[in-house]
1. Taking Ser162 as the residue in question, decide whether it is out of contact with any Gly (no Cβ under 6 Å at 6 or more places or on another chain), near the ligand (Cβ under 9 Å from one of its atoms), modelled with pLDDT under 95 and of a type in the set (Ser, Thr, Tyr).
2. Test each condition in (1) near the ligand (Cβ under 10 Å from one of its atoms); (2) part of a helix (DSSP H, G or I); (3) of a type in the set (A, V, I, L, M) for Ala218 and report the one that comes out false.
3. Give the number of residues within region 258-279 that are of a type outside the set (A, V, I, L, M) and over 16 Å from the mean Cα position of the chain (by Cα).
4. Restricting attention to region 114-140, which residues are part of a loop (DSSP other than H, G, I, E, B) and surrounded by 14 or more Cβ atoms within 10 Å (Cβ to Cβ)?
5. Restricting attention to region 181-201, and to residues there that are within 26 Å of Asn84 (Cα to Cα) and among the aliphatic types (A, V, I, L, M), which single residue is farthest from the ligand (Cβ to nearest atom)?
6. Tell me, which strands (runs of 3 or more DSSP E) lie completely within region 228-298 with 1 or more residues that are among the basic types (Lys, Arg)?
7. Select from region 225-265 the residues that are of a type in the set (A, V, I, L, M), farther than 17 Å from His8 by Cβ and within 16 Å of the ligand (Cβ to nearest atom) and list them in ascending order.
8. Just checking, does region 263-272 include any residue being surrounded by fewer than 23 Cβ atoms within 10 Å (Cβ to Cβ), in contact (Cβ under 8 Å) with a residue 40 or more places away in the chain and either under 17 Å from Leu56 (Cβ atoms) or not hydrophobic (A, V, I, L, M, F, W, C) (or both)?
Amino acid sequence: MKTAIVVHGGAGAWSEKPDRLSRALPVCIEAAKAGQAVLVAGGSAMDAVETAVRILEDHPVLDAGRGSYPNADGLVEMDALMMNGRNLDLGAIAAVQRIQNPISLARRVMEYHDHNFLVGNGAEAFAAKAGIPFCDPADLLTDENLAHYQAANGTTNPAADSGSIGDTVGAVAIDADGNLVAGTSTGGTRHKLPGRVGDSPLVGSGGYADNWTAAVSATGHGEALMKVVISKRVCDLVGDGLSAQAACDAAIQLLAERVDGTGGLIAVDARGQIGVARNTNAMPFAYAIGDEAIVSGH
Ligand code: GLY
């Protein structure tokens, strides 16, 4: 089976900050390359997705891990999801504040715990027991995001900022054994109310993976994306016979028509075919099929 990995750096109003987009694209390429190296060396889709998403989380230009947007109180609260298409195992975490790489905590929840979804203090207590590294919350907040927060002067209406420059990161992959995995990680929308959780950690919304159909990661305005359970919808459309690309296009069209939503999707199906779609003005992405050269765009 030919391997494949696709990553995204978030759909949004990137045209407002072209310099930011030009910083984000190389990060996506680096993440896709790192995931490709794992797959080409015979590694699992799970390791490839975690490796890629950690790189995206670590880069301050993207809204996940370091670089997450602060909420209305000026604090970072992060959500993440990881799903294994082989057995439909999943791990999700929400509203964590002190975890440098939330995707690794989501994976740990999936692998070592009887529960699927942990939030807030409980998720961080689990992280401490699981040996997941903590960080100072101040390290997650970039000067750029802090300045934007201060300029907004206490705006607390998340809808007002649903068109963030880019929100969320994600990766999907298929390995040589045909296993599909999806991972999504986010700081959520700018100025969100404390405690607000978006689509990203919600199974079927922020991501989904099923070896029978596809692996999908979503980005965009979470309140809309979750209403149409967009990632599971892509998988179902692939199950109905659509290509990964046609399924992503159809789901984005539905998002717009049914709930007036904006966002983006990446997918890889069980045959290793790729889909990328958005209805925002950009979404940096990169993908690698087998050991072929990286393809990138926005
Ligand atoms: N799509 C990420 C969020 O709305 O939180």
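The values are calculated or read from the model by the stated rules, or taken from the named source; none is laboratory data. Since this is a predicted model, take the numbers as computed values, not measurements. Note: ideal-geometry Cβ built from the backbone for every residue, glycine included; neighbour counts use all protein chains shown.
1. Details: out of contact with any Gly (no Cβ under 6 Å at 6 or more places or on another chain): yes; near the ligand (Cβ under 9 Å from one of its atoms): yes; modelled with pLDDT under 95: yes; of a type in the set (Ser, Thr, Tyr): yes.
Yes: the conditions hold for Ser162.
2. Failing condition for Ala218: (2).
3. 8
4. Residues of region 114-140 part of a loop (DSSP other than H, G, I, E, B): 114-116, 131-133, 135-136.
Matches in region 114-140: Asn116, Ile132, Cys135.
5. Among residues in region 181-201 that are within 26 Å of Asn84 (Cα to Cα) and among the aliphatic types (A, V, I, L, M), the one farthest from the ligand (Cβ to nearest atom) is Val181.
6. Details: elements: 263-269, 274-278, 285-289, 295-297.
Counting at least 1 such residues, we get 274-278.
7. Pass one, region 225-265, residues of a type in the set (A, V, I, L, M): 225-226, 228-230, 234, 237-238, 242, 244, 246-247, 250-252, 254-256, 259, 265.
Filter once more, keeping what is farther than 17 Å from His8 by Cβ: 226, 228-229, 237-238, 242, 246, 250, 254, 256, 259.
Across region 225-265, the qualifying residues are Met226, Val228, Val229, Ala256, Val259.
8. First pass over region 263-272, keeping only residues surrounded by fewer than 23 Cβ atoms within 10 Å (Cβ to Cβ): 270-272.
Right, trim to in contact (Cβ under 8 Å) with a residue 40 or more places away in the chain and you get 270, 272.
The next check asks that each one be either under 17 Å from Leu56 (Cβ atoms) or not hydrophobic (A, V, I, L, M, F, W, C) (or both); those that pass are 272.
For region 263-272, residues surrounded by fewer than 23 Cβ atoms within 10 Å (Cβ to Cβ), in contact (Cβ under 8 Å) with a residue 40 or more places away in the chain and either under 17 Å from Leu56 (Cβ atoms) or not hydrophobic (A, V, I, L, M, F, W, C) (or both): present.
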